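Scroll down for the structure; my scribbles are underneath it.
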Amino acid sequence: MTRKKLNLSYITNDSMRKTTFNKRKKGFFKKIHELSVLCGIQACAVIYSPFSSTPEVWPSNSEVNKVVKKFEEIPEIEQEKKMVNHEGFLRQTITKTRENSIKKMMNNTDKAMNETMFQFLGGRGDMFQLNDKHREDLCRHIDQYLKELYHHRKQILNQSHLEYGESSSVANAMTQPNQLRFPMMDNNNHQQL
C-alpha cells in the first residue's frame, strides 16, 4: 500500500509538531549514520529546536568538532563551492526543469518536422494546412536534414575507403548537393545546399 503524499507545510498543532520532529530527527540521524558507514565518510549533524534548550548533535560533540574544524581549514571559496541554501536549491531545480522542458520542446518540434517532411515526401502533404511561416520552417528543417544526410554519407564513404567514382550515378549526384533542386524551396529565401 502506498503512502499518501505529504503536504509539506508548517504543522500548527504543537504536540503533533513535536512528535513529527522526534520521529524525523531519529530518521535523520539514522540516515547520516548509514551514509557515513556505507560510504566511509565523515559526517555530523547539529540540530537546534524549540523543544530542547541545548543543541542535539550526532555522533558526539568531539566528532562534530573534528568535522567542523576540518571544514573550517578548507579555503572559503572551496567551502562555498557546493553550499546551497533553500532558495539556491529551488533556483537550481527550476533552472534544470526549464532546461529539460526546452530540450523536450525542441525534440518534439524536431519529431513533428520530420513527420511532416516525410508525409510530404510520401505525397500526403495535402493533409497539412501550412502558412508561410510553417513552410519556411519546414524548408529550413529540410535543408538542415539534407546537410546532415550528406555529411553522414560522406563519413561512411570515407570510412569504407570507397572512391566517389565507384558508387552509382545517383550516389554521385548526392555528393554534389548544389545540383539538387526542390520545388518547395524558394531560392530567394533559402540557401541551397
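May I ask you to list pairs of residues, at least six apart or on different chains, whose Cβ atoms are under 8 Å apart, with the first in region 9-38 being under 16 Å from Glu63 (Cβ atoms) and in contact (Cβ under 8 Å) with a residue 12 or more places away in the chain and the second being of a type in the set (Asp, Glu) and exposed (fewer than 13 other Cβ atoms within 10 Å of the Cβ)?
Correct list of pairs: empty, since none qualify.
Of all residues in region 60-107, how many are open to solvent by less than 80 Å² (accessible area, probe 1.4 Å), assigned to a loop (DSSP other than H, G, I, E, B) and either in contact with a strand residue (DSSP E or B) (Cβ under 7 Å, 6 or more places away or on another chain) or closer than 23 Å to Lys30 by Cα (or both)?
2
Only one of these conditions is not met by Lys25: (1) open to solvent by less than 60 Å² (accessible area, probe 1.4 Å); (2) part of a loop (DSSP other than H, G, I, E, B). Which number is it?
Here Lys25 clears every test but (2).
Does Thr20 satisfy the condition of being open to solvent by 70 Å² or more (accessible area, probe 1.4 Å) and more than 31 Å from the chain's Cα centre (by Cα)? I'd like the intermediate steps shown before the answer.
Working: open to solvent by 70 Å² or more (accessible area, probe 1.4 Å): no; more than 31 Å from the chain's Cα centre (by Cα): yes.
No: the conditions fail for Thr20.
Look through His33, His141 and report the one residue that is part of a helix (DSSP H, G or I) and open to solvent by 80 Å² or more (accessible area, probe 1.4 Å). Spell out how you get there, then give the answer.
Numbers: His141 fails: open to solvent by 80 Å² or more (accessible area, probe 1.4 Å).
Every option except His33 fails the conditions.
Can you spot a residue in region 123-133 that is surrounded by 11 or more Cβ atoms within 10 Å (Cβ to Cβ), more than 30 Å from Arg17 (Cβ to Cβ), among the aromatic types (Phe, Trp, Tyr) and in contact (Cβ under 8 Å) with a residue 24 or more places away in the chain?
no
Would you mind telling me which numbered condition in (1) modelled with pLDDT of 80 or more; (2) open to solvent by 80 Å² or more (accessible area, probe 1.4 Å); (3) outside any helix (DSSP H, G or I) Asn158 fails?
Of everything listed in (1) modelled with pLDDT of 80 or more; (2) open to solvent by 80 Å² or more (accessible area, probe 1.4 Å); (3) outside any helix (DSSP H, G or I), Asn158 misses just condition (3).
Would you check which residues across region 36-47 are open to solvent by less than 100 Å² (accessible area, probe 1.4 Å) and in a loop (DSSP other than H, G, I, E, B) and list them?
Within region 36-47, Gly40, Ile41, Ala43, Cys44 qualify.
The values are calculated or read from the model by the stated rules, or taken from the named source; none is laboratory data. Source: prediction; values computed, not measured. Don't worry about glycine lacking a Cβ; one is built from the backbone with ideal geometry, like all the others, and counts go over all protein chains shown. Areas reflect the complete protein model, heavy atoms only, side chains present, ligands, DNA and RNA absent. Shrake-Rupley method; radii C 1.70, N 1.55, O 1.52, S 1.80 Å.
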